[in-house]
């Protein structure tokens, strides 16, 4: 997928068809954590596309660590938000065989995926030492597209 270029606004017709928890891991620390801890979140978004079925799978992976010790992983979660995009053909660059969504659409899909993962994290980490590892609100425009 390529980064959206500046072009006229295009409408997208999509729906969220499935949310999946792909992986969830909690690694209990070897020593007592300080009472006040600042968690660090490393977030990765990956798009997978099925052109034939007009599906976009947005896989969100989040590592949770200590802000002061980012090497020690406390938890990991991976989810997939699966979207059906009725007009996916409108975003295909025929000559390159790639999908090229405008930035506004990427921001919308990213926001939905991260917000959904935030809720799943809360559910999965509830009652553990990661209970208060709340994923902060993130501007979807801050994600870089490769």
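Since every read-out is calculated from the coordinates, none of them should be taken as a lab result. This is a predicted model, so every value here is computed, not measured. Positions of Cβ are backbone-derived with ideal geometry, glycine not excepted, and every protein chain shown enters the neighbour counts.
Among 36, 96, what is the fewest-to-most ranking by other Cβ atoms within 10 Å?
The most exposed by this proxy come first: 36, 96.
May I ask for the angle, rounded to the nearest 10°, between helix 103-125 and the longest principal axis of the chain, with both axes built from Cα atoms and the value confined to 0 to 90°?
Once rounded, the angle reads 30 degrees.
Quick check on the exposure proxy: order 73, 106, 137 from fewest to most C-beta atoms within 10 angstrom.
In order of increasing Cβ crowding within 10 Å: 137, 73, 106.
Below 8 Å, C-alpha to C-alpha, sequence gap of six or more: please give me the relative contact order for region 14-134 in percent.
29 percent
In what sequence do 60, 108 fall when counting other Cβ within 10 Å, fewest first?
Exposure proxy ranking, most exposed first: 108, 60.
Helix-only mean residue ellipticity at 222 nm, the chain, DSSP H runs n ≥ 4 weighted -39,500 (n - 2.57), per residue, nearest 500. What is it?
Computed ellipticity for the chain at 222 nm equals -5500 deg cm²/dmol.
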